[in-house]
1. Just one of Ile32, Ile44, Ile40 is within 14 Å of the chain's Cα centre (by Cα) and away from the ligand (no atom under 11 Å from the Cβ); which is it?
2. Filter the range 64-75 down to the residues that are loosely packed, with under 14 Cβ neighbours inside 10 Å and at pLDDT 95 or above, then identify the one that is nearest to the chain's Cα centre (by Cα).
3. I need the full set of residues from the range 14-44 which are open to solvent by less than 10 Å² (accessible area, probe 1.4 Å) and either touching a helix residue (DSSP H, G or I) at 6+ places or on another chain (Cβ under 7 Å) or at positive phi (or both), in order please.
4. Could you please give the count of residues in the range 142-170 that are touching a residue at least 40 places away in the same chain (Cβ under 8 Å), in contact with a Gly (Cβ under 9 Å, 6 or more places away or on another chain) and loosely packed, with under 14 Cβ neighbours inside 10 Å?
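The values are calculated or read from the model by the stated rules, or taken from the named source; none is laboratory data. For clarity, every value in this text was computed on a predicted model and none was experimentally measured. Cβ coordinates were reconstructed from backbone atoms using ideal geometry, including for glycine residues, and neighbour counts include every protein chain displayed. When the accessible area is computed, the model is the full protein with side chains, heavy atoms only, and any ligands, DNA or RNA have been set aside. Shrake-Rupley method; radii C 1.70, N 1.55, O 1.52, S 1.80 Å.
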Amino acid sequence: MKVILYMAQTINGIIARENYNEDFLSHQNWNIFVTLAEDIGCFIVGKKTYEVVKKWEKYNFDSLNAKKIIVSRGKMSKLKNSYIYAHSPKEALDKAFELGFRKVLLAGGGTLNSSFIKAGLVDEIILNIEPFVLGRGIRIFSEEAFENKLQLRNVKKLNGIVQLHYKVRK
Ligand SMILES: NC(=O)c1ccc[n+]([C@@H]2O[C@H](COP(=O)([O-])OP(=O)(O)OC[C@H]3O[C@@H](n4cnc5c(N)ncnc54)[C@H](OP(=O)(O)O)[C@@H]3O)[C@@H](O)[C@H]2O)c1
C-alpha cells in the first residue's frame, strides 16, 4: 500500500492554530486536497481532524467523492456511509486494502501523521507551504521519536504556495 501524506502549513510547520482553526490557509489548498483525495479515492484522518472539520460550514468531508477512514482508539458513534472507522494506522491500511485501494492519502492531523511515520508507513509527502508564519499551533508532526531521510522529487510554485513533493527513504 502506498501512503501519501498531504499537508498545508505555514513556513514554520504549523498546520492549525491552537484552537484548531485553519483560517490562515488559502482556498487553493482545499481545492488541491479535494482533487488529490478524489483522484486517489480514499483518505485517512485522525479523530480530532474529523471532529474539527465536521463543524465547518464552508468546507466539509461529507461532499467528497472518496472513502474516508477515521482513526481512533476509542469507540465512535454511527458514521455516515462513506466513512469507515479504524483503531490504528495498520487497521486503516488493511481496511483500505480490503476495499481495493492500493494507494491512500493521509490527511492529518499532526498526531496521526506522527503515528504513521513512526511506524514506517509513509511513502511520500506532499507539502503546500503558505506564505505565513505562526508562532504557536499544531505542528505537521506531533513530538515523537522518529527520523527519516527524504528525497526531493518535485517543487512547484502555485500562486503564493510552494509545493514540495518528497519520497520517504526506507
Ligand atoms: N493544514 C492541514 O493540511 C491539516 C490537515 C489535517 C488536519 N489539520 C488540523 O490538525 C488539527 C488536528 O490535529 P491533531 O494532531 O490535534 O489530531 P489528529 O491527528 O487529527 O487526531 C488525533 C487523534 O487520532 C487518533 N489517533 C492518532 N494516532 C492514533 C493511533 N496510532 N492509533 C489510534 N488512534 C490514533 C486518536 O483519537 P482518539 O483520541 O479518539 O483515540 C487521537 O487523539 C485540526 O485543527 C485540523 O484542522 C490540518
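1. Result of the check over Ile32, Ile44, Ile40: Ile40.
2. Ranking the qualifying residues of the range 64-75, first place goes to Asn65.
3. Matches in the range 14-44: Cys42, Phe43, Ile44.
4. 1
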